Amino acid sequence: MIATLADDPANGATNGDIPLLQVRDLGHSYGSRIGCRDITFDLYPSEVLGIVGESGSGKTTLLSCLSGRLPLSQGTIHYDTRTQGLVDLAALSEAQRRLLTRTDWGIVHQSPRDGLRMAVSAGANIGERLMAVGARHYGQIRDTARDWLQRVEIQPDRIDDLPSTFSGGMQQRLQIARNLVTGPRLMFMDEPTGGLDVSVQARLLDLLRGLVDDMNLSVVLVTHDLAVARLLAHRLMVMQGGVVVESGLTDQVLDDPHHPYTQLLVSSVLQV
Amino acid sequence: MNPSPVIEVCGLAKEFTIHAQGGLRIPVFSGLSLAVSAGECVALHGPSGCGKSTLLRALYANYQADSGRILIQHRGGLVDMVAAEPRVVLAVRRHTLGYVSQFLRVIPRIAALDVVAEPAVRNGIARDQARERAAALLARLRIPQRLWHLPPATFSGGEQQRVNIARGFILDYPALLLDEPTAALDVDNRDTVAQLIEEAKARGTALVGIFHDQALRERVSDRVFDLESARTIV
Amino acid sequence: MSDGLSGYNFAYLDEQTKRMIRRALLKAVAIPGYQVPFAGREMPLPYGWGTGGIQVTAAVIAPGDVLKVIDQGADDTTNAVSIRRFFSRTAGVATTTRTADATLIQTRHRIPERPLTEAQIIVYQVPIPEPLRWMEPRESETKKMHALLEYGVMQVKLYEDIAHLGRITTSYDYPVRVNGHYIMSPSPIPRFDNPKMNQMAALQLFGAGREKRIYAVPPYTRVESLDFDDYPFEIQRWDQHCALCGASDSYLDEMVTDDHGGRLFICSDTDYCGERRAAGHRGDTDLPANPAPRTAP
């Protein structure tokens with residue numbers, strides 16, 4: 001039995017020997033103040049990378065740089081595109097980069113208001129990416145939207161309701177559906193469970209875990225919540241003062257932290 | 001007997017540095033070497049605090065060893081768990097190296113049956129088939145059927161441990177680490193766990209375990225690895 | 001032809017300003033549907049009354065032109081009358097209410113029913129030139145969306161119509177795609193008029209005074225109304241015929257005739273209606289009033 005499992009290319013370590021994202025010496029400065037610097041890592045297909053650290057540690061700056069919302073002051077980002085293979089993101093035209101952002105990538109913001117169109121219905125929110133890449137059949141767009149509402153555990157009959165009539169957890173799930181509808185390979189998530197009740201948070205985490213597995217998503221996840229990081233991330237980067245002070249396998253970093261800051265971070269978590 | 005060991009530890013050292021206490025250094029062991037072959041069960045031995053659990057966690061790469069090598073036979077090659085990249089370590093854990101810890105890390109909202117089935121599903125086994133296998137193990141470990149579809153967060157300590165054991169045995173890993181698997185179990189369940197271990201050995205699994213239960217230790221282990229003497233020898 | 005009002009340059013604007021506007025117009029014609037910024041001047045009427053259209057008309061009008069001005073299809077409404085008089089006095093040009101006789105037509109909210117010819121220019125007054133504004137408030141972002149042809153959000157607007165009302169209900173200012181490229185606001189004309197823009201023989205110019213934008217559709221250019229494969233674009237239709245001329249192919253206005261629910265439907269294009277009546281066509285003015293305009297199934 002082991003042999004047949006090991007031969008399954010979708011489940012082994014042998015798939016994804018080419019990194020999806022290659023980041024080298026990345027940095028961003030706000031004038032003379034450093035947001036983050038010297039960030040180097042590879043992200044492989046189906047890998048979830050957690051970035052943890054306290055407010056002001058540079059993790060959100062890093063996420064903005066990675067997702068193309070902030071220019072780099074230093075360093076490079078290469079991405080393994082579907083059509084051209086590995087490309088330097090800085091060498092792409094703005095049109096190519098924006099197309100990449102709304103098809104092959106997804107961004108989940110901490111506040112659903114930043115990631116949703118609050119003035120249009122849930123169905124339109126999900127359908128927008130499809131229409132942006134040329135979907136012109138209303139019936140099919142709706143079928144896809146209903147399907148995705150179900151996948152994120154929202155009643156399909158809420159399809160014509162405005163997101164403002166949804167609870168916080170539902171809005172966050174809608175934001176996720178809106179991103180996943182084009183089948184992206186890379187997701188950027190900024191505190192996706194921040195500001196939610198604990199029970200709502202658990203449901204969202206469970207859903208995210210399932211979607212990440214089912215869709216073989218690669219994720220860069222920014223969070224200050226170590227429990228969220230442990231549940232979702234395969235490995236962690238711990239940031240302090242704009243630099244990565246420790247990185248490695250998630251459970252290793254959390255159970256055997258080496259850097260003084262990581263030890264402080266881990267020991268500061270309240271036990272329930 | 002398999003000629004090359006499944007797990008081979010060479011010159012392993014581990015110490016903790018506690019920065020909150022002015023960089024206090026706590027050495028645990030150094031120069032530790034151990035080889036475990038297929039079908040063999042090695043029991044770790046030594047007084048409390050001698051580093052049995054630390055060694056087990058280091059073998060699983062849950063703790064980062066400071067020096068030395070931990071070679072695991074993985075998919076026809078050797079992986080050094082001390083130096084391997086995180087994704088390689090995860091692949092070894094997924095396919096080759098199982099681990100039954102003392103405590104179950106509860107995942108919110110997920111039913112016991114799915115907690116047990118998860119490693120199999122992640123390995124590409126169809127969900128239904130994985131659930132069947134999970135159900136069989138839960139039944140064998142005497143978890144009442146009415147609990148299978150509940151998240152184990154509210155289970156008793158013994159029930160949680162049995163869920164954890166079932167999760168560890170759902171796949172036929174070539175190597176398996178056991179951290180006091182029977183600590184909170186009654187006689188019948190201890191016997192079931194002993195049977196599970198014996199069956200794994202018969203399949204050729206290499207096992208390393210901590211067994212405080214002397215009867216169990218004597219029943220399943222082929223030899224005892226004494227950490228006290230191992231680290232003083234070097 | 002009179003000499004116009006003394007003390008003013010021909011057609012009110014000074015020659016430098018007209019050249020500036022003509023340069024913008026040339027660029028607009030060269031890039032169909034693209035919004036060209038221009039240094040709009042203060043005109044002697046408030047924004048929203050056609051300041052953009054007037055500046056475009058002033059820049060292209062010549063002494064030999066015959067000007068027609070319509071507002072909602074009618075030549076005799078206040079806005080149309082005052083703009084016609086404005087050019088009559090400042091440019092001394094001939095004016096007309098007959099579509100066929102005009103060389104230059106300035107319009108607010110309609111395209112004449114009679115097909116325009118290559119010898120004619122039509123100038124639209126535009127209140128909001130940016131079709132993406134409804135979805136995206138940032139000008140920097142809408143410019144980028146046009147540049148990169150990111151038009152998914154326009155479809156979102158139509159999607160919402162169907163989702164909430166079962167059909168596309170956007171009935172005026174219905175977005176169009178020009179020459180397969182830019183998406184353009186046709187100005188608040190009824191969507192009934194959209195098909196007339198497609199492959200029109202006349203040059204179409206658009207002026208937005210408050211927003212200071214000019215855009216254009218050259219003669220014989222493809223102009224498509226956005227839609228869905230399973231909800232194709234269609235124009236409004238009426239059960240009634242024009243009560244005055246009996247026309248069944250023109251855009252009808254609903255007139256309330258008394259306090260007892262009496263209503264009439266008559267041509268919005270007064271010249272078209274008048275010409276038909278002159279040719280002997282008659283409607284049934286006694287026709288009982290029926291429900292409001294509807295879209296054919």
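The values are calculated or read from the model by the stated rules, or taken from the named source; none is laboratory data. Small disclaimer: the values here were computed from a predicted structure and weren't measured. All Cβ positions, glycine included, derive from the backbone under ideal geometry; neighbour counts span all protein chains shown.
Observations, loosely collected:
- Output for the stretch C:274-297, where each listed residue is modelled with pLDDT under 50 and either in a loop (DSSP other than H, G, I, E, B) or over 24 Å from the mean Cα position of the chain (by Cα) (or both): C:Asp286, C:Leu287, C:Pro288, C:Ala289, C:Asn290, C:Pro291, C:Ala292, C:Pro293, C:Thr295, C:Ala296, C:Pro297
- Residues in the stretch A:165-203 that are hydroxyl-bearing (Ser, Thr, Tyr), in a loop (DSSP other than H, G, I, E, B) and either within 14 Å of chain B (Cβ to nearest Cβ) or surrounded by 20 or more Cβ atoms within 10 Å (Cβ to Cβ) (or both): A:Thr193 only.
- Only one of the numbered conditions (1) away from every other protein chain (no Cβ under 14 Å); (2) under 21 Å from the mean Cα position of the chain (by Cα) is not met by A:Gln155, and that is (2).
- Any chance A:Gly134 is at pLDDT below 95 and within 12 Å of chain C (Cβ to nearest Cβ): yes
Residue-wise test of (1) in a loop (DSSP other than H, G, I, E, B); (2) more than 16 Å from B:Leu176 (Cα to Cα).
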| residue | (1), (2) |
| --- | --- |
| B:Ala35 | no, no |
| B:Leu55 | no, no |
| B:Ile72 | no, no |
| B:Ala83 | yes, yes |
| B:Val88 | no, yes |
| B:Arg105 | yes, yes |
| B:Arg109 | yes, yes |
| B:Asp114 | no, yes |
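- Filtered residue count, the stretch B:77-95, keeping only those that are closer than 14 Å to B:Leu59 by Cβ and within 7 Å of chain A (Cβ to nearest Cβ): 1
- The stretch A:210-250 - residue that is of a type outside the set (A, V, I, L, M, F, W, C) and within 18 Å of B:Asp66 (Cβ to Cβ) and, of those, farthest from the chain's Cα centre (by Cα): A:Glu246
Matching residues to (1) out of contact with any Cys (no Cβ under 6 Å at 6 or more places or on another chain); (2) crowded, with 19+ Cβ neighbours inside 10 Å:
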site	(1), (2)
B:Gly11	yes, no
B:Gly23	yes, no
B:Ser30	yes, no
B:Ser33	no, no
B:Ala43	yes, yes
B:Gly46	yes, yes
B:Lys52	yes, yes
B:Arg57	yes, yes
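- Residue match in the stretch A:125-135 (condition: exposed (fewer than 13 other Cβ atoms within 10 Å of the Cβ), at positive phi and assigned to a strand (DSSP E or B)): no
- Of the residues making up the stretch B:193-215, those that are out of contact with any Ser or Thr (no Cβ under 6 Å at 6 or more places or on another chain) and assigned to a helix (DSSP H, G or I) are B:Ala194, B:Gln195, B:Leu196, B:Ile197, B:Glu198, B:Glu199, B:Ala200, B:Lys201, B:Ala202, B:Arg203, B:Gln214, B:Ala215.
- Taken over the stretch A:224-258, the criterion of being within 24 Å of B:Glu15 (Cβ to Cβ), surrounded by 17 or more Cβ atoms within 10 Å (Cβ to Cβ) and of a type outside the set (A, V, I, L, M) is satisfied by A:Arg235, A:Gln240, A:Glu246, A:Ser247, A:Gly248, A:Thr250, A:Asp251, A:Gln252, A:Asp256, A:Pro257, A:His258.
- Residues being modelled with pLDDT under 95 and either within 14 Å of another protein chain (Cβ to nearest Cβ) or touching a helix residue (DSSP H, G or I) at 6+ places or on another chain (Cβ under 8 Å) (or both) - total across the stretch B:173-183: 4
- Selection count where residues are in contact with a Leu (Cβ under 8 Å, 6 or more places away or on another chain) and not hydrophobic (A, V, I, L, M, F, W, C), scope the stretch A:247-272: 4
- When the strands (runs of 3 or more DSSP E) confined to the stretch A:18-90 are screened for residues that are within 26 Å of A:Asp114 (Cα to Cα), those reaching at least 2 such residues are found at A:21-30, A:33-43, A:48-52, A:74-81.
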